[in-house]
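Following: one structure in structure tokens, then a few remarks.
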Amino acid sequence: MSTSPSLLGYLLRDTLVRWRGRVSAPLARLAAAGSLATAALLVLASFALGAATLEERIAQFGLDALVVRTPLRRATDPAPSFPALADHGRVLTLKVPYATVELDTGGRAALAFAADDDGRDLAALGVGADRLPVLLSSSLPPGMPVRAGLGPWWVAAPAAALPPALRPLGLDEVLVARPGDFPLQAELPGTAVTLFARDPAAPSLAELAAALATVIRANPSGRDAAPVVQSAVPLLRELTALRASWLGYGALLATVLAATIAVVFGSGAVLEYEAAAYTTALLRSFGVGRATLWLQRYAEAAFLANAGGLLALAAAGVAARVALPQLAAHVPAAAVWLPVFAALNAGALAAAVPVAVALRRPVGMVLH
Amino acid sequence: MNSRAITLTDVDFTYPGTRGRTVLRGYQARFEPGVHLLRGYSGCGKSTLLRLIAGYLAPDAGEIRVPGGRTPADRDYQVRSLGFVFQSLNLLDLVTVRQNLEMVGRLAGLPRPELAAAATHWLGVLGIGPLADERPDRLSGGQRQRAAFARAMVKHPDVLLLDEPTSGLDEVSTAALAGAARDFQRAAADRRIVIIAAHDDRLVAYADHVHGFAPPAGARP
């Protein structure tokens, strides 16, 4: 004896039989949802990658750091001083010639000279003047004996931890030496790098940067090129602009995606509904509610849309790994997939609206 | 007033979008328990009347009351108290004949054991017991119509509406279906109403009441 199917079982069977009878219909919807969602995911992941890159640069620079780069004809020329800055935070100046040194560990390091003679700047780095030369390293263990040099000039420079104050330089290894250790390089052109770490009570970094730029413009130094003020402020502006674009394009993409899904799924659903209108009316005459029959169509659309979305997640991940590996990590981020899935589901819901309208037709107008 | 009767008072009905295809105008009728035969030519509005009594269409004006004083749109009436056999395409093709009956019975809230017994009974009465586990698309037209009868009767409705039930059927099938409808009514003669809309003269012998049916003057069929 056969068992009686539940209503839900019957509706599920009805859906599967319909799909099997015309496989192209669900496949076309799956492909539409999948391809559109893949494109949307890749675009949004690109924004996420851009924002992450900027955030990384901002974190590296620090939200309270200013860097002033002043070109020097000779690396040992006097560095400019910015006494006004010292009232609002800690100032550290290094002179960096255009040269790098080799390390006997196999790597390379930027060469820098302490700007002052009494070692105050070095103390800010946590390094005594008596310890020069020293290799400030982000990778080597502190105290490790290292030899560094260039040409005939080699020095013993024990490793020390790279202090956070030097992070805005964007260097991993810096050899701080006396000009006498590298006499030839000391005569090369270079840059005086003034690193400023703002006190918490000081005016905002944007205000300080603006004030400093004004001072520099008002007091030409007579050098070949004016000092350049760098901070995270432009990066923060860039990040804000990027996030605004992300939001705008995200909303646009989600709207287009939802509208396309609504049109593609909706037109298919209406055609299928009309083809099965008699059976649907028959079920209604048995007492099956309109809401139940609508839910069948909505669940079908939502299933195909979300399945397309999941396929898109996998496809976008693969495409990103092939084209731009850094992008792949951002595809599964909630800020990327959430709007895409929200759009897919909004489209699926909108696609079921015409069916809801069709279900309002009286049973007696359909059955005969 | 007998609340077991179906009454129609001043009922008007025009199909929307048909530019005045009026089917009923000021229609009055009363159907007491028994077997009623509505006779009239094809397209005169017999089927429309059955759909109005079933609540599948709503009248433009007037009032329809079904047993219990309810309106035809009452969900409980439609699900539990009404059986309807349409002219064609009566069965769900994805499930077996027995499952067709059981689905309707379950929607009507019948307990499983009672439902199984009723399904077996009516399939046997209509002579299609051996076909219970067949899918409807494997049955002949006559067998499908018998299965539709069984499905309408399985929930023991107080109102059974049959729309051209014997159209295209041979004498044997006609006799089986009409006899079953009459026996169904007789099993609860004081409350069951069977209305058959047909232009088949063979059914006159099975009816307690025969009603001539014609569209209102000036109406276009």
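Meeting the requirement of 3 or more residues that are in contact with a Pro (Cβ under 8 Å, 6 or more places away or on another chain), the strands (runs of 3 or more DSSP E) wholly within the range B:8-98 are B:22-31, B:82-85. Going through the range B:109-119 one residue at a time, which ones are closer than 20 Å to residue B:82 by Cα and either assigned to a helix (DSSP H, G or I) or in contact with a Phe, Trp or Tyr (Cβ under 8 Å, 6 or more places away or on another chain) (or both)? If the condition is that a residue be closer than 20 Å to residue B:82 by Cα and either assigned to a helix (DSSP H, G or I) or in contact with a Phe, Trp or Tyr (Cβ under 8 Å, 6 or more places away or on another chain) (or both), then B:112, B:114, B:115, B:116, B:117, B:118, B:119 are the ones that fit. Restricting the range B:105-115 to residues that are of a type in the set (A, V, I, L, M) and in contact with a Lys or Arg (Cβ under 8 Å, 6 or more places away or on another chain), the residue that is farthest from the other protein chains (Cβ to nearest Cβ) is B:110.
When restricted to residues that are of a type in the set (Asp, Glu) and within 15 Å of residue B:154 (Cα to Cα), the range B:177-209 contains 1. Does residue B:182 satisfy the criteria of being crowded, with 21+ Cβ neighbours inside 10 Å and touching a helix residue (DSSP H, G or I) at 6+ places or on another chain (Cβ under 8 Å)? Judged against the criteria, residue B:182 is not a match. For the range B:81-104, the set of residues classified as more than 7 Å from every other protein chain (Cβ to nearest Cβ) and in contact with a Leu (Cβ under 9 Å, 6 or more places away or on another chain) consists of B:82, B:83, B:85, B:90, B:91, B:97, B:100, B:101, listed by residue number. For the range A:17-32, a residue qualifies if it is of a type outside the set (Lys, Arg), surrounded by 13 or more Cβ atoms within 10 Å (Cβ to Cβ) and within 14 Å of chain B (Cβ to nearest Cβ), and exactly one does: A:19. Looking only at the range A:28-40, decide whether some residue is closer than 30 Å to residue A:251 by Cβ and more than 31 Å from the chain's Cα centre (by Cα). Yes; the residues of the range A:28-40 include at least one that is closer than 30 Å to residue A:251 by Cβ and more than 31 Å from the chain's Cα centre (by Cα). Checked against the criterion of being more than 14 Å from every other protein chain (Cβ to nearest Cβ), farther than 24 Å from residue A:171 by Cβ and either part of a helix (DSSP H, G or I) or in contact with a strand residue (DSSP E or B) (Cβ under 9 Å, 6 or more places away or on another chain) (or both), the range A:71-81 contains not a single residue that satisfies it. Kindly check whether there is at least one residue in the range B:154-167 that is within 9 Å of chain A (Cβ to nearest Cβ) and modelled with pLDDT under 95. Within the range B:154-167 (the criterion being within 9 Å of chain A (Cβ to nearest Cβ) and modelled with pLDDT under 95), the answer is yes, since at least one residue qualifies.
Across the range A:343-368, the qualifying residues are those that are closer than 13 Å to residue A:290 by Cα and among the hydrophobic types (A, V, I, L, M, F, W, C), and the one among them that is nearest to the other protein chains (Cβ to nearest Cβ) is A:363. Exactly one residue out of B:70, B:39, B:51 is more than 13 Å from chain A (Cβ to nearest Cβ), without any contact (Cβ under 8 Å) to a residue 60 or more places away in the chain and under 19 Å from the mean Cα position of the chain (by Cα): that is B:70.
Residue A:207 fulfils the conditions (1) buried (at least 20 other Cβ atoms within 10 Å of the Cβ); (2) acidic (Asp, Glu); (3) more than 26 Å from residue A:105 (Cα to Cα) except for a single criterion, (1).
The numbered conditions (1) within 23 Å of residue A:60 (Cα to Cα); (2) exposed (fewer than 15 other Cβ atoms within 10 Å of the Cβ); (3) out of contact with any helix residue (DSSP H, G or I) (no Cβ under 8 Å at 6 or more places or on another chain); (4) modelled with pLDDT under 90 are all true for residue A:170 except (3).
Residue under question is residue A:75, and the condition is that it be modelled with pLDDT of 90 or more and not polar (S, T, N, Q); does it hold? Here the answer is no, as residue A:75 does not meet what is asked.
Residue-wise test of (1) at pLDDT below 90; (2) in a strand (DSSP E or B); (3) over 30 Å from residue A:245 (Cβ atoms).
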| residue | (1), (2), (3) |
| --- | --- |
| A:46 | no, no, no |
| A:53 | no, no, no |
| A:85 | yes, no, yes |
| A:92 | yes, yes, yes |
| A:96 | no, yes, yes |
| A:111 | no, yes, yes |
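Residues in the range B:189-207: is at least one in a strand (DSSP E or B), in contact (Cβ under 8 Å) with a residue 40 or more places away in the chain and farther than 19 Å from residue B:86 by Cα? Looking for residues that are in a strand (DSSP E or B), in contact (Cβ under 8 Å) with a residue 40 or more places away in the chain and farther than 19 Å from residue B:86 by Cα, one finds none in the range B:189-207, hence no. If you go through the range A:1-9 one residue at a time, do you hit one that is within 14 Å of chain B (Cβ to nearest Cβ), touching a residue at least 40 places away in the same chain (Cβ under 8 Å) and either surrounded by 17 or more Cβ atoms within 10 Å (Cβ to Cβ) or in contact with a strand residue (DSSP E or B) (Cβ under 6 Å, 6 or more places away or on another chain) (or both)? Yes, some residue in the range A:1-9 is within 14 Å of chain B (Cβ to nearest Cβ), touching a residue at least 40 places away in the same chain (Cβ under 8 Å) and either surrounded by 17 or more Cβ atoms within 10 Å (Cβ to Cβ) or in contact with a strand residue (DSSP E or B) (Cβ under 6 Å, 6 or more places away or on another chain) (or both).
The set of residues from the range A:284-310 being in contact (Cβ under 8 Å) with a residue 24 or more places away in the chain and within 14 Å of another protein chain (Cβ to nearest Cβ) comprises A:284, A:285, A:288, A:290, A:292, A:293, A:296. When the range A:324-368 is examined, which residues are found to be closer than 17 Å to residue A:35 by Cα and exposed (fewer than 15 other Cβ atoms within 10 Å of the Cβ)? Selection gives A:332, A:338, A:342. In the list B:137, B:133, which residue meets the criterion of being farther than 20 Å from residue B:67 by Cα, within 14 Å of chain A (Cβ to nearest Cβ), charged (D, E, K, R) and not in a loop (DSSP other than H, G, I, E, B)? After ruling out the rest, the residue left standing is B:137. In the range A:193-222, the residues that are closer than 22 Å to residue A:115 by Cα form Cβ pairs under 8 Å with partners that are of a type in the set (Gly, Ala, Ser) and in a helix (DSSP H, G or I), at six or more places apart or across chains, as follows: A:195/A:165; A:197/A:165; A:212/A:84; A:215/A:84. When B:142, B:127 are screened for being surrounded by fewer than 21 Cβ atoms within 10 Å (Cβ to Cβ) and either in contact with a strand residue (DSSP E or B) (Cβ under 7 Å, 6 or more places away or on another chain) or touching a residue at least 40 places away in the same chain (Cβ under 8 Å) (or both), only B:127 passes.
The values are calculated or read from the model by the stated rules, or taken from the named source; none is laboratory data. The shown structure was predicted, so the numbers you read here are calculated from the model rather than taken from an experiment. Heads up, the Cβs are rebuilt from the backbone with ideal geometry, glycines too, and the neighbour counts pull from every protein chain shown.
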